[in-house]
1. What does the charge count near Phe198 come to, summing +1 for each Lys or Arg and -1 for each Asp or Glu among other residues with Cβ under 9 Å from its Cβ?
2. If only Cα atoms are counted, what is the Rg of the range 186-242, and what is its Dmax, in Å?
3. Would you work out the charge dipole size for the range 157-275 about its Cα centre, treating the Cβ of every Lys and Arg as +1 and the Cβ of every Asp and Glu as -1, and quote it to the nearest 20 debye?
4. Any idea which of Tyr186, Thr78, Tyr224 is furthest toward the positive side of the dipole for the chain, if Lys and Arg beta-carbons carry +1 and Asp and Glu beta-carbons -1?
5. Looking at the chain, what % of its DSSP beta bridges pair antiparallel, to the nearest 5?
6. Taking the dipole about the Cα centre of the chain, with the C-beta of Lys and Arg at +1 and of Asp and Glu at -1, give me whichever of Tyr41, Ala30, Asn213 is farthest to the positive side.
7. What list of ³J(HN,Hα) couplings, whole Hz, do you get for the range 276-284 from phi and the Karplus terms 6.51, -1.76, 1.60, once you set θ to phi - 60° and write x for glycine and proline?
8. Test of understanding: what is the full-extension gain from Asn81 to Ile219, defined as 0.36 nm times their sequence separation minus their Cα-Cα distance?
Amino acid sequence: MQWNKRLKYVVGSALLASVLFNGSSAYAAAPSVFVNGGLQYDAMMVKGNAMIQLRALTDEAWIVFSYDPKTRVVMFHTKDNKIMVKLKEGEKKANVNGKSVSIDAGVVNKNGLTYVPLRFISETLGAYVKYNAKDNRVIVRTPTAQQEYETLMHGDLTEAREIALKLPGFSGDAPLLKGGEGYHYYVFTFPEGEALRFMIDNAGYDYGYYEVNEEGLAIKKWQYDDVAKREWGVKPKFKSSVYFLNQWASSGLYTFGKTDEQGNSQELGKLQFEEVDGKVVPIKGEKRTDD
């Protein structure tokens, strides 16, 4: 999909979502809000309007913002200076490129943190916003995160895997893990040719399996806590997989290879971990199959 078409879709989604944040009674409970894959635990609802922390929208390629505690004014602008906005705490008006614009909720400052109305941000700056009525959650992505999302879902396999591993893991009702001692290595395992499913081994103390859904959220589906000797969820079965082992605190080696369905492993390469730029490396001849 070309970027101009994607931009139209983003703006359209934002406008559609904005209806849901304007005193709507379509849902009984406030929706959960995810920004760039991370759950915003401090998001607020003010008279039916979703409010999120301004700093949650940090995107160096998108906007620059600041808050003046003396005047209680939030100022932000796009990197190209085409859109310049001023919002004053508590007021239901904004200044956009020198013009006064009415908004549904004013800026809120709570415990030294600045909250801005999601509807206004989405309409004014074109952030990707989509409301999932089934799960009662809002998905927000800044432009840089939206581009990463496209790569994650349909782009280069190695790049997609790096993005997947950066996503905040959403554990749902999985029990809390008990901590171990001496976390001196980690292993990432993906089904061969895939980026949207992966397993993490934290030095043998705990294992977690995640699936990235269509919203770009990394949802934990299984975990094994070796310290507590406790398993949760359903362990996946991979026909064949690739692994990336970083023994950064012991031997300092980074090893990668393949494992077949019977569990037989074949080492494909070995590097010093300082030579690896990221968490995974390309596997020669491997082609993406889950895009």
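Nothing in this text is a laboratory measurement; each read-out follows from the coordinates by a stated rule. All of these numbers come straight from a predicted model, not from anything done at the bench. No Cβ is skipped: glycine too gets one built from the backbone with ideal geometry, and neighbour counts run over all protein chains shown.
1. On the way: positive: Arg161, Arg197; negative: Glu194, Glu211.
Result for the neighbourhood of Phe198: 0.
2. 11.4, 33
3. Working: 13 positive and 19 negative charges, 54 e Å.
Magnitude of the dipole: close to 260 debye.
4. The residue sitting farthest along the positive end of the dipole is Thr78.
5. Details: 75 of 82 bridges.
Within the chain, antiparallel bridges account for around 90 percent of the total.
6. With unit charges placed on the Cβ atoms, the residue in question is Ala30.
7. 9, 9, x, 9, 10, 10, x, 9, 4
8. On the way: separation 138, 0.36 × 138 = 49.68 nm, distance 3.71 nm.
Once the chain is fully extended between Asn81 and Ile219, it gains 46.0 nm.
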